[in-house]
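The values are calculated or read from the model by the stated rules, or taken from the named source; none is laboratory data. The structure displayed is predicted, hence computed values, not measured ones. Cβ: placed from backbone, ideal geometry, glycine included. Neighbour counts: every protein chain shown.
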Amino acid sequence: MATSAVNVGSSATEIVDRNDKRIHLEIYNDGGSTIYIGSDNSVTSSTGIPLFSGQRRTFEAVTGEYRFYYRGAIFGITASGTNAVRVLELLEVR
């Protein structure tokens, strides 16, 4: 298990990089304003998915007996200012 803190500002910031061993990812908006997330550094406040203050997003899908994991990078941006983000990442152990 790995945890980290990232400050996201008004330029696209990598919150978490690609990891092929990832089996669970949570991103928590610990700041006072909305951040917008996307899969690359072209994310903007117009194109990103909003993550409101105090909101958590989990990147894992379970369908019946199958699990799907997002293993790519996540970038974030704010409309203005800087916002704190917390990350929880679980990796498979082989």
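If you go through segment 61-87, how many residues are modelled with pLDDT under 95, among the charged types (D, E, K, R) and closer than 16 Å to Ile15 by Cβ?
So the count comes out to 1.
Considering only residues that are surrounded by fewer than 12 Cβ atoms within 10 Å (Cβ to Cβ) and either aromatic (Phe, Trp, Tyr) or within 14 Å of Arg71 (Cβ to Cβ) (or both), which ones fall in segment 18-39?
Listed by number, the list holds a single entry, Asp20.
Give the number of residues within segment 40-73 that are of a type outside the set (Lys, Arg), surrounded by 11 or more Cβ atoms within 10 Å (Cβ to Cβ) and not in a loop (DSSP other than H, G, I, E, B).
Residues meeting the conditions: 6.
May I ask you to list pairs of residues, at least six apart or on different chains, whose Cβ atoms are under 6 Å apart, with the first in segment 21-46 being in contact (Cβ under 8 Å) with a residue 40 or more places away in the chain and the second being basic (Lys, Arg) and in a strand (DSSP E or B)?
Filtered contacts from segment 21-46: Glu26/Arg56; Ile27/Arg57; Tyr28/Arg56; Tyr28/Arg86; Asp30/Arg86.
I'm trying to understand the selection: among the residues of segment 74-93, which are touching a residue at least 24 places away in the same chain (Cβ under 8 Å), closer than 16 Å to Ile23 by Cβ and either among the hydroxyl-bearing types (Ser, Thr, Tyr) or in a loop (DSSP other than H, G, I, E, B) (or both)?
If the condition is that a residue be touching a residue at least 24 places away in the same chain (Cβ under 8 Å), closer than 16 Å to Ile23 by Cβ and either among the hydroxyl-bearing types (Ser, Thr, Tyr) or in a loop (DSSP other than H, G, I, E, B) (or both), then Glu92 is the only one that fits.
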